[in-house]
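None of the figures in this text is laboratory data; all of them are computed from the coordinates on show. What you see is a predicted model; the values in this text were computed from it and never measured. As a convention, Cβ positions derive from the backbone with ideal geometry for all residues, glycine included, and neighbour counts pool all protein chains shown.
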Amino acid sequence: MKKKQQKIVDMANNLTNNEICDLLNCLSDRIDVYFGLFNKCCLGSKAHFACMNGTQIQLNCETAEYDDLKDWDFFQHALEKKPETEKETTQ
């Protein structure tokens with residue numbers, strides 16, 4: 001491992017979870033979270049903020065603001081999109 005990388009690892013290992021939350025919150029506008037694929041649509045969201053959830057760090061995405069993900073236009077598009085296998089059998 002390079003010296004610079006080792007310094008970062010050492011620093012990270014010395015941070016408390018609260019300090020990691022603070023760091024993630026400082027960087028949240030530079031972080032995108034990828035959820036996965038659904039009906040060939042890449043689902044992801046901008047990071048919104050980090051907080052503690054018990055002893056764990058919880059990273060909240062902008063999409064967490066929705067009461068129901070069906071209210072998110074892109075998610076609704078992915079839900080309504082026919083899967084390729086269904087398209088092939090209906091044609």
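Rank these for me by crowding, Cys41, Cys21, going from fewest to most other beta carbons within 10 Å.
Cys41, Cys21
Let's see if you can work this out: charge +1 on each Lys and Arg Cβ, -1 on each Asp and Glu Cβ, no other charges. What is the dipole magnitude of the chain about its Cα centre, in debye to the nearest 20?
680 debye
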